Amino acid sequence: MRRRQPSAIRHPVGLGILLVALAACPLLAQDTIPQSTPDSLRRIKPISAFLRSALIPGWGQAVTHRWVTGAAFVAWEGTCIMMMKKAQGELDHIRAVGANHATGKRQEKEDWLTLLVFNHLFSGAEAFVSAHLQDFPEDLHFRVSPHGVSVSFALPRP
């Protein structure tokens, strides 16, 4: 007898639409600062960025304007989910034909689940660090020279 899966897992499109809808909603405790204020006042708090990306990988990166990094976390999330579904389908097939080598497929599915969990944690940690470094000067340059490392940055003129 086949076990019934939760509807969110059976319908990945519905799950995707739900996640996009949640990502578009502002957090309840989010400050609403007028658009005329400087960007330094509109910073996201590091713990907020962590929680966003731990919930939906890439969300905290999007808020901190790290688009490519966020897209990489989203792509890896999709890869892990699809590979888990593939392993589950193969596991169901192995069980249906009565084979006794299902242990390897069960382990594969658990491995993909572990990678999925670590993707959430790493995405959250990266968003946390990115939120801390929002005010880091963009004109800071590191160069490796034969005698060591040099650092240069632009100073504002009075």
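A short reminder: the numbers here are calculations on the coordinates, not readings from a lab. Because the structure is predicted, anything quoted here is derived from the model rather than measured. Neighbour counts run over all protein chains shown; Cβ positions are idealised from the backbone, glycine included.
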So, over other residues within a Cβ distance under 12 Å of residue 90, counting Lys, Arg +1 and Asp, Glu -1, the net charge is +4
Quick check for me: using +1 on Lys/Arg Cβ and -1 on Asp/Glu Cβ, what's the dipole size of region 59-144 about its Cα centre, in debye to the nearest 20?
400
Calculate the spin-label point distance for residue 107 paired with residue 51, positioning each point 7 Å from the Cα along the beta-carbon direction, and give it in nanometres.
4.0
Excluding residues fewer than 8 positions from residue 105 in its own chain, the lysines with Cα under 19 Å of it are 85, 86
